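The values are calculated or read from the model by the stated rules, or taken from the named source; none is laboratory data. Here the structure is a predicted model, which is why all the values come from computation and not from measurement. Virtual Cβ from ideal backbone geometry, glycine too; neighbours counted across all protein chains shown. For the accessible areas, the whole protein counts, side chains as well, though only heavy atoms, and no ligand, DNA or RNA atoms are used. Shrake-Rupley method; radii C 1.70, N 1.55, O 1.52, S 1.80 Å.
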Amino acid sequence: MPSLLTRLIHDAQTFLTALEAENTREWWASHKKEYDEQLKRPAETLLTEMSGRLARVTGAAVGTKLFRPQRDVRFSKDKAPYHTHLHMLWSVSSDGPIKPAFFFGISPTYVTLGAGQRDFDKAGLEAWRRHADESGQEVAALMNALTDADFRISEPAYKRVPAPFSKDHPNEAILRRKGLTAWRDSDAGLTRDQMGQVFDALTPLVLLLSRL
């Protein structure tokens, strides 16, 4: 019998492929029961089950979120009403301003896992730049280790080093960031153990961000 994760990936990709072909409210209304039974409930079960493991490895409380399927189309030229992906996250509690998380996403064309924080708020950005200025080599070493382990790292958001730091600062590439995430793509054969191993490898990134 397929595992919950294997079944979820298969059912999600099947459902989302069909949704991609006819992304309308009428189609959704006639298939919502299928979404609830085959995607939403298994995803919520996976979130709950994996949160215990992540709480143990991080030593912190872990919250969960399943992103809603409805798109906010108010300011978008694309008026398709629903996302054609299934995204979820496990947020790790932190006393500092940066709130990292572990991510998992499924679409018709990808299965991906990641961790970090996409965009720091004002306080988080200040904490990040302070750490980059004083201890950027720690971040660089961690990013190199993740790259060596076949993770892809998000690119810096800014082209220039922000003031008041000099443009030739030794940690300029780190200072040009306003978020940091690392990702690894998988496939439909992803197992729960493999997911756990990927998240274990990403835990040092989450722990670093959570203590800034």
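See the values below:
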| item | result |
| --- | --- |
| Residues listed by number, region 1-44, amide nitrogen under 11 Å from Gln197 label point at 7 Å toward C-beta | none |
| Residues of region 34-65 with amide N under 15 Å of a point placed 7 Å along Cα→Cβ from Lys99 | 61-65 |
| Orientation-averaged projected area, Cα convex hull of the chain (nm²) | 13.3 |
| Amide H within-cut-off set for Gly179, under 5 Å, with H built and near neighbours excluded | Phe120, Ala157 |
| Out-of-range pairs (alpha-carbon distance over 24 Å; input Lys65/Lys99; Lys33/Lys65; Lys99/Lys122; Lys32/Lys79; Lys77/Lys122; Lys99/Lys167) | Lys77/Lys122; Lys99/Lys167 |
| Cβ-based net charge around Phe103, under 14 Å, with every Lys or Arg adding one and every Asp or Glu removing one | +3 |
| Length released on extending from Arg68 to Leu4, taking residue separation times 0.36 nm less the Cα-Cα span | 21.0 nm |
| Full-stretch length increase - Arg152, Lys167 - with 0.36 nm per residue and alpha-carbon distance subtracted | 2.9 nm |
| Relative contact order of region 11-138, pairs being alpha-carbon contacts under 8 Å that are 6 or more residues apart, as % | 22 |
| Using a Förster distance of 41 Å, the FRET efficiency for Glu134-Ala188 (Cβ separation, nearest 0.05) | 0.40 |
| Residue-normalised accessible area of region 159-209, given per residue in Å² at a 1.4 Å probe | 51 |
| About the Cα centre, charge dipole magnitude for region 88-185 (Lys/Arg +1, Asp/Glu -1 at Cβ), debye | 360 |
| Ordering of 21-27, 8-14 by packing [mean C-beta count within 10 Å, highest first] | 8-14, 21-27 |
| FRET efficiency, 1/(1 + (r/R0)^6) with R0 35 Å, evaluated for Trp27 and Thr48 via beta carbons | 0.75 |
| Highest average packing first - 174-180, 117-123, Cβ atoms within 10 Å | 174-180, 117-123 |
| Packing rank of 74-82, 153-161, 61-69, 96-104, where each peptide gets the mean count of other beta carbons within 10 Å, highest leading | 96-104, 61-69, 153-161, 74-82 |
